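Trainee: Shown below is the structure under consideration.
Coordinate-derived values only; no laboratory data. Bear in mind that the values here come from a model prediction, so they are computed numbers and not experimental data. Cβ placement follows ideal geometry from the backbone for every residue including glycine, while neighbour counts extend to all protein chains displayed.
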Amino acid sequence: MTYVTPARKPRRVKAAFIGPIALALTLVMCVFAIAIYLVEASVRDRDLAERSAAAGKLFEQKLGKDANLMRAVLRAMTTNPALEKAFRDGDRESLARQTGPLFETLRAEHRITHLYFTGIDLINLYRVHSPGEFGDEIDRMTMHKARDNAAAASGLELGPLGTLTLRMVTPWRRDGEVFGYLEIGEEVEHLIDEIRDSLAVDLAVLVDKKFLRPEQWQRGLGMMQRTGDWERFATHVALAQTSEQLPVAFDRHMLGGLLAGRNAVIDDGGRSLHVALVPLEDAGGRHIGELVVIRDIAGLQATFRRSIMTVTLVSLLVAAGVLAIFYFALDRVERDYQRQHDLELQILRLNTEHHRILQLEKLSALGTMVGGIAHQLNNPLVGVVNMAQLAERETDNPQQTRELLGEIRRAGEDCGAFVRRMLEFSRVSCFDSKPTSMRPLIEDTVLMFRQAEDRHHPVDVRLPEEPVVLMVDPILIRHALFNLLQNAAQAAGDDSPIVITLEAAVEPNGTAVGWTLAVSDRGAGIPTDVLEKIFIPFFTTRSDGTGLGLPVVQHVVLLHGGHVSATSEPGDGTRFALWLPMNQSQAA
Ligand SMILES: Nc1ncnc2c1ncn2[C@@H]1O[C@H](COP(=O)(O)OP(=O)(O)OP(=O)(O)O)[C@@H](O)[C@H]1O
Ligand SMILES: [Mg+2]
């Protein structure tokens with residue numbers, strides 16, 4: 001007995017996949033968000049670096065522009081004969097008269113702060129911006145360069161009092177002979193103010209302490225009425241700045257980091273400030289300090305944060321969308337699985353039920369068989385016993401006794417015949433197939449049947465022209481055909497012919513090719529209720545039948561991989577068809 005075993009559980013697809021998918025999506029989205037963050041951060045850093053560099057470049061451009069203006073002024077002055085005469089004559093009053101108004105205009109409109117007339121010996125003749133000071137030697141880099149190269153020289157000059165001045169010195173010539181020098185200069189503070197206005201950044205000029213002395217620097221502060229802290233930075237000191245105060249967080253430690261090439265973002269009372277350094281060189285090419293560029297990047301940071309948040313939000317939405325799509329897809333898959341599982345369960349139940357019915361059928365067939373055997377053996381045995389009793393009583397009558405003993409022998413022979421039939425039935429399972437030509441097999445069987453049949457039924461054999469060779473066990477096929485012929489003879493009237501046909505046929509429910517061997521009679525036919533049972537062992541409607549003929553036929557055909565069918569029209573005869581498959585080599 002087969003029991004229903006529970007089918008494997010339906011797969012929990014959603015539970016198994018949604019977690020890993022969510023994890024994978026989260027990872028992808030994280031990587032995406034980090035990539036976007038890095039790209040944004042690099043864009044921001046590039047922007048910051050470019051702005052700082054732009055401030056440095058603008059500072060240089062402004063220095064160049066102012067130097068050009070200074071050059072033009074100096075050229076105009078050196079080509080003025082009256083001025084030249086006053087200079088050559090060492091006439092300070094004339095120089096003052098001639099240059100005073102020009103210098104005032106230059107100071108007011110172009111922030112020129114210094115104008116010198118210096119002799120060929122570098123001894124100052126006259127300072128327009130400070131007429132009381134003269135007679136000292138001008139010992140500055142621009143002056144030395146102009147003298148050494150006999151050409152105009154310009155550049156930043158760091159004064160002993162901590163002033164940073166753009167200076168230009170030009171040699172004054174007559175007939176190719178240098179007879180003195182003209183020098184012009186301006187403080188650079190206004191330049192950083194201009195850069196602040198155009199770039200919206202704060203600037204400060206830090207000078208390396210090694211170019212200054214604290215007392216002189218202090219004196220310079222006093223003269224310019226400014227305040228300063230010499231100790232704020234370890235290596236530098238602030239000479240000029242665009243804001244009142246440098247940010248508190250911008251200390252010596254941070255300056256150290258910046259000088260080491262690092263970038264810095266500081267928090268100054270809620271403001272985010274980016275600080276960068278641009279190196280400053282003086283006229284002699286010395287690295288004298290740093291131009292500090294301080295940029296308020298609160299807006300940039302806010303934009304950066306906004307775009308990162310937008311990217312994160314969009315990533316989350318996309319992830320949620322993809323997850324939802326997966327969820328619904330997996331839900332469908334899971335439902336399909338569930339349906340398949342239910343189906344499997346149903347099939348399993350049906351299978352079990354089928355097995356149960358088969359078992360019952362086997363048991364009932366066994367019961368029928370036992371009943372049949374008992375019935376077949378019981379009748380002759382009862383006769384044997386009865387006739388033996390009679391024979392006992394009739395011992396005085398030898399004739400009677402002989403007749404009774406004859407009856408007993410016939411009953412014994414019946415039993416023997418039945419047992420032989422049973423043995424034939426069991427022998428059917430010995431199956432030995434070989435290529436067999438069907439024509440001789442059929443014709444031999446008909447001959448054998450004619451000899452055994454006393455009624456001499458006409459048998460009409462209709463075989464194909466071409467030889468048909470099938471892979472069969474000839475003994476079993478002959479046996480089956482003989483049984484069918486016997487049944488047909490028993491059913492048909494004396495003159496009605498039995499017809500045997502052999503035709504190529506495709507299996508009705510498939511594509512397998514084979515041959516159908518059919519036996520038809522014109523007998524009484526088989527009623528529908530009988531037709532259902534004719535293949536059951538021991539089922540018979542004949543008093544002398546054993547009910548083993550058709551079961552043997554069926555068994556033989558099944559052993560050959562074929563099948564048997566019976567069609568009958570009550571009153572119009574019966575047709576038994578054995579379909580035998582043709583193996584592949586035969587088919588070829
Ligand atoms: N050609 C036929 N025409 C009508 N009925 C048939 C035909 N062939 C078989 N039958 C029916 O099928 C039953 C079973 O046939 P089967 O050959 O198995 O047993 P049987 O002929 O009764 O006995 P036996 O064991 O001697 O062959 C028969 O009793 C008969 O009722
Ligand atoms: Mg029979």
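Trainee: Out of residues 5 or more away from residue 297 or on other chains, whose amide H comes under 5 Å of its own, with H placed 1.01 Å from N in the peptide plane?
Mentor: Result for residue 297 returns 272, 273, 274.
Trainee: Only loop residues by DSSP count here, and only those with at most 10 other Cβ atoms within 10 Å; note down the trypsin sites (Lys or Arg not before Pro) in region 336-378 that meet that.
Mentor: Numbers: sites: 339, 349, 356, 362; in loops: none.
Of the trypsin sites (Lys or Arg not before Pro), not one in the loops of region 336-378 has a Cβ with at most 10 other Cβ atoms within 10 Å.
Trainee: Principal axes first, then extents: for the Cα atoms of region 469-582, list largest minus smallest coordinate on each axis, whole Å, largest first.
Mentor: Taking max minus min along each principal axis of the Cα atoms, region 469-582 gives 38, 25, 25 Å.
Trainee: With just the Cα atoms of the chain, tell me how far they stretch along each of the three principal axes, in Å, largest first.
Mentor: So the three principal-axis extents are 198, 52, 36 Å.
Trainee: Whole-Hz Karplus ³J(HN,Hα) for region 155-168, in order, using 6.51 cos²θ - 1.76 cosθ + 1.60 and θ = phi - 60°, x for Gly and Pro?
Mentor: So the J values, rounded to whole Hz, are x, 7, 10, 8, x, x, 8, x, 9, 10, 10, 8, 10, 9.
Trainee: Additional query: Mind giving me the FRET efficiency for residue 327 and residue 355? R0 is 51 Å, r the Cβ-Cβ distance, nearest 0.05 is fine. Provide the component values of the computation, followed by the final result.
Mentor: Numbers: r = 41 Å, r/R0 = 0.81.
Step by step, r from the Cβ atoms, then E = 0.80.
Trainee: Round to the nearest 0.05 the FRET efficiency obtained for residue 215 and residue 60 when R0 = 25 Å and r is the Cβ-Cβ distance.
Mentor: Values: r = 32 Å, r/R0 = 1.28.
The calculated FRET efficiency here is 0.20.
Trainee: Per-residue HN-Hα couplings for region 111-125, Karplus 6.51 cos²θ - 1.76 cosθ + 1.60 at θ = phi - 60°, whole Hz, x for Gly and Pro?
Mentor: Once θ is set to phi - 60°, the couplings for region 111-125 become 6, 6, 10, 9, 8, 10, 10, 10, x, 4, 8, 6, 8, 5, 8 Hz.
Trainee: Follow-up. Within region 197-218, name every residue whose backbone N is under 13 Å away from a label modeled 7 Å from Cα of residue 252 along the Cβ vector.
Mentor: Once the point is set 7 Å along Cα→Cβ of residue 252, 209 turn out to lie under 13 Å by backbone N, inside region 197-218.
Trainee: While we're on this one: Enumerate the helices in the chain for which the Kyte-Doolittle hydropathy averages -0.5 or more and the C-alpha atoms extend at least 20 Å along the helix's axis, using complete DSSP H runs. The partial results should precede the final answer.
Mentor: Details: long enough: 13-78 (95 Å, 0.70); 92-110 (24 Å, -0.90); 298-393 (138 Å, 0.26); 398-427 (42 Å, -0.74); 438-452 (21 Å, 0.19); 474-491 (25 Å, 0.61).
Span-like helices in the chain: 13-78, 298-393, 438-452, 474-491.
Trainee: Can you check what the Kirkwood hydrodynamic radius comes to for region 234-366, Cα pairs only, in Å to one decimal? Intermediate results must be reported in sequence, preceding the final value.
Mentor: On the way: mean 1/r = 0.0442 Å⁻¹.
Result for region 234-366 stands at 22.6 Å.
Trainee: For residue 264, enumerate residues with amide H under 5 Å from its amide H, sequence gap 5+ or separate chain, H modeled in the peptide plane.
Mentor: Residues meeting the criterion, in which the H sits 1.01 Å from N, are 275.
Trainee: Let me ask another. If you line up the Cα atoms of region 350-486 on their principal axes, what length do they span on each, largest first, in Å?
Mentor: 69, 49, 25
Trainee: Jot down the per residue volume, in cubic angstrom and as a whole number, of the convex hull over the alpha-carbon atoms of region 158-303. Display every interim value, and only then the final one.
Mentor: Numbers: hull volume 21.3 nm³, N = 146.
Convex hull volume per residue, Cα atoms: 146 Å³.
Trainee: Can I ask one more? In nm, give the distance between the simple-model label positions of residue 151 and residue 96, each being 7 Å from the Cα along the Cα-to-Cβ direction.
Mentor: Distance between the two pseudo-spin positions: 3.7 nm.
Trainee: Continuing with the same structure: Please give the contour-minus-distance gain from residue 370 to residue 396: 0.36 nm per residue of separation, less the Cα-Cα distance, rounded to one decimal in nm. Mind showing how you got there, number by number?
Mentor: On the way: separation 26, 0.36 × 26 = 9.36 nm, distance 4.00 nm.
Answer, rounded to one decimal: 5.4 nm.
Trainee: Oh, and also: Within the chain, what's the longest run with no GluC sites (Glu not before Pro) in a DSSP loop and at most 16 other beta-carbon atoms within 10 Å? Give the range, please. Please report the intermediate quantities before stating the final value.
Mentor: Working: sites that count: 133, 231, 244, 394, 453, 465, 532.
My reading of the result: 245-393 is the longest stretch.
Trainee: According to the square roots a ≥ b ≥ c of the eigenvalues of the Cα gyration tensor, what is the shape class of region 471-522, taking rounded for a/c under 1.5, prolate for a/b larger than b/c otherwise, and oblate for the remainder? Please list the in-between numbers first.
Mentor: On the way: a/c = 3.13, a/b = 1.67, b/c = 1.88.
Oblate is the answer for region 471-522, as a/c is 1.5 or above yet b/c matches or exceeds a/b.
Trainee: Which cross-chain or sequence-distant (5 or more) residues have an amide H under 5 Å from the amide H of residue 471, H modelled 1.01 Å from N in plane?
Mentor: It is 436, 583, by chain and number.
Trainee: For region 6-107, restrict the atom set to alpha-carbon positions and state the Rg and Dmax in Å.
Mentor: 37.6, 126
Trainee: Still on this structure, I have one more. So what's region 80-189 giving for Rg/Rh, alpha carbon basis, Kirkwood Rh from the mean inverse pair distance?
Mentor: On the way: Rg = 13.3 Å, Rh = 14.1 Å.
Rounded to two decimals, Rg/Rh equals 0.94.
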